[in-house]
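Notes to accompany the following structure.
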Amino acid sequence: MIKRTEKKLVVGLEIGTSKIITLIGEILPDSMINIIGIGNCQSRGMEKGSITNLDLVVTCIQQAIDQAELMANCRISSLYLAISGKYIQYQNEIGMVPIVEEVTLEDLENVVHIAKSVKVCDEHRILHVIPQEYSIDNQDGIKYPVGLSGVRMQAKVHIITCHNDMVKNVVKAVERCGITVDKLIFSGLASSYAVITEDERELGVCVVDIGGGTMDMTIYTAGALRHSKVIPYAGHTVTRDISYAFNIPILDAEFIKIQYGCAFRAMVNKEEQLEIPSMGGRPTRNLQRQNLVEVIEARYSELLHLINDEILRLQDQLRKNGITHHLSAGIILTGGASKIEGILNNAQKVFNNQVRIGYPINISDLTDYIKGPCYSTAVGLLQYGKEIRFHGEKKLEKNPFFSAFLRKIRNWIRKDGHFIMLLL
């Protein structure tokens, strides 16, 4: 992955609408990741996850790569790449196989293969095939069926796909920098790897990565990914509203949003004022901050309602199938556009559920520079890459419960009358 053999290193690249980030992480002996290289560049040539100017994107990627390489003192040859956009789609499918005596690893492979051997949207390719649960005969909710007996086994899987052209373009941009893409990973999936715990996956949680051009959703219940969605509206929509409402340039509107923005009007002093620029070289003007916040709050509320509508739609769909669906761990907001003041107050009013901001976790020596939610996707890429390095892609995606299973059998087991320790 990186031309530096004495260390186990992993690289993640996020090409977003607002920013391009490269992270280089060292996998430590205790499986933690230590960030040793950071590259950050303002994104140009991207819109809602799609490339609109290839040359500009290549230039930005190269700049972010160069910064990270310089900081880590190494050369990057390949990396894990996040991908998002309106052409990301998902579907839940079912596969079924007969059981001869008891379930084997080969049966596990076969049932997942059958589940994913379905027709996907035209011109789409599969990014991820993630098992949700297995059932044997009349027993449902099985997480790891190997060794169990029965007549037939069924697997439910979550499939995430992306349009071929979108994949080709984003991979081409990276390869023009002389770097190979090891694996494409849905940005929403990567973010969830960075910010949620196993307990939250079990209880039920919705992760929303609010970026500049898109909002990426992932919903987990009973430890499995049940739903994913890309909504092509996000932080830049708020910026455009500010620009139109007060007749100021987009760049100034973005600056004002970051410096003075708030997503909950009740938190702002009615008397507070700020100075804003005008178009065409006209003199600056004074603006009541509350007027600015009214515009921001209305748009954030609309964005959050889009998320809530998707959650309610999924709940209704599952209810019709006789499945109880609860988000007992609440909603986690992450991504650059989640940093705005007052977003938690707004979100709690919309979702009527507990809400928190998702910050990257399980990273050693995480510097203040990348502790923020805007780095969740990039950190998640490193976590995902680490799992592949340790367990392999087949075990990571085809059986997300494999790691938990290994932990459970790190015990004494009986064999031929003797106890042996499995050193895993």
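Key figures
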{"quantity": "Flag if Ile258 is more than 30 Å from Val129 (Cα to Cα) and open to solvent by 10 Å² or more (accessible area, probe 1.4 Å)", "calculated": "yes"}
{"quantity": "Residue check for Asp241: touching a Lys or Arg at 6+ places or on another chain (Cβ under 7 Å) and among the charged types (D, E, K, R)", "calculated": "yes"}
{"quantity": "Matching residues, region 324-343, being open to solvent by 60 Å² or more (accessible area, probe 1.4 Å) and within 18 Å of Ala266 (Cα to Cα)", "calculated": "Lys339, Glu341"}
{"quantity": "Residue count for region 96-138, restricted to those that are modelled with pLDDT under 90 and of a type in the set (S, T, N, Q)", "calculated": "2"}
{"quantity": "Sole exception among (1) over 30 Å from Lys156 (Cβ atoms); (2) without any contact (Cβ under 8 Å) to a residue 12 or more places away in the chain; (3) charged (D, E, K, R) for Glu106, by number", "calculated": "(1)"}
{"quantity": "Listing of helices (runs of 4 or more DSSP H) fully contained in region 125-213 that carry 2 or more residues being in contact (Cβ under 8 Å) with a residue 24 or more places away in the chain and small (Gly, Ala, Ser)", "calculated": "187-195"}
{"quantity": "Residue within region 265-276 that is polar (S, T, N, Q), in a loop (DSSP other than H, G, I, E, B) and either without any contact (Cβ under 8 Å) to a residue 40 or more places away in the chain or surrounded by 13 or more Cβ atoms within 10 Å (Cβ to Cβ) (or both) present", "calculated": "yes"}
{"quantity": "Restricting region 112-132 to residues that are touching a helix residue (DSSP H, G or I) at 6+ places or on another chain (Cβ under 8 Å) and farther than 25 Å from Thr221 by Cβ, the residue that is least open to solvent (accessible area, probe 1.4 Å)", "calculated": "His124"}
{"quantity": "Verdict on Ile370 being surrounded by 18 or more Cβ atoms within 10 Å (Cβ to Cβ) and at pLDDT below 95", "calculated": "yes"}
{"quantity": "Residue list for region 91-111, restricted to those being open to solvent by 40 Å² or more (accessible area, probe 1.4 Å) and part of a strand (DSSP E or B)", "calculated": "Asn92, Glu93, Ile94, Met96, Pro98, Glu102"}
{"quantity": "Residue within region 223-239 that is at positive phi, under 27 Å from the mean Cα position of the chain (by Cα) and either not small (Gly, Ala, Ser) or not in a helix (DSSP H, G or I) (or both) present", "calculated": "yes"}
{"quantity": "Wholly enclosed strands (runs of 3 or more DSSP E) of region 1-79 bearing at least 1 residues basic (Lys, Arg) and within 15 Å of Val171 (Cα to Cα)", "calculated": "none"}
{"quantity": "Filter result for Leu304 (part of a strand (DSSP E or B), closer than 25 Å to Thr17 by Cα and in contact (Cβ under 8 Å) with a residue 40 or more places away in the chain)", "calculated": "no"}
{"quantity": "From Lys386, Lys394, Lys408, Lys398, residue being open to solvent by less than 60 Å² (accessible area, probe 1.4 Å), at pLDDT below 85 and basic (Lys, Arg)", "calculated": "Lys398"}
{"quantity": "Filter pass, Asn352 being without any contact (Cβ under 8 Å) to a residue 12 or more places away in the chain, open to solvent by 30 Å² or more (accessible area, probe 1.4 Å) and not aromatic (Phe, Trp, Tyr)", "calculated": "yes"}
{"quantity": "Scan of region 31-48 for residues that are of a type outside the set (Gly, Ala, Ser) and either open to solvent by less than 20 Å² (accessible area, probe 1.4 Å) or in contact (Cβ under 8 Å) with a residue 40 or more places away in the chain (or both), ordered by number", "calculated": "Met32, Ile33, Asn34, Ile35, Ile38, Cys41, Met46, Glu47, Lys48"}
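Conditions (1) open to solvent by 40 Å² or more (accessible area, probe 1.4 Å); (2) farther than 30 Å from Ile114 by Cβ, marked per residue:
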| position | (1), (2) |
| --- | --- |
| Tyr134 | no, no |
| Asp140 | yes, no |
| Val146 | yes, no |
| Glu200 | no, yes |
| Leu203 | yes, yes |
| Val208 | no, yes |
| Tyr220 | no, no |
| Ile231 | no, yes |
| Ser243 | no, yes |
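The values are calculated or read from the model by the stated rules, or taken from the named source; none is laboratory data. Since the model is a prediction, treat every value here as computed from it, not as a measurement. Cβ: placed from backbone, ideal geometry, glycine included. Neighbour counts: every protein chain shown. Only protein heavy atoms, including side chains, enter the accessible area calculation; ligands, DNA and RNA are left aside. Shrake-Rupley method; radii C 1.70, N 1.55, O 1.52, S 1.80 Å.
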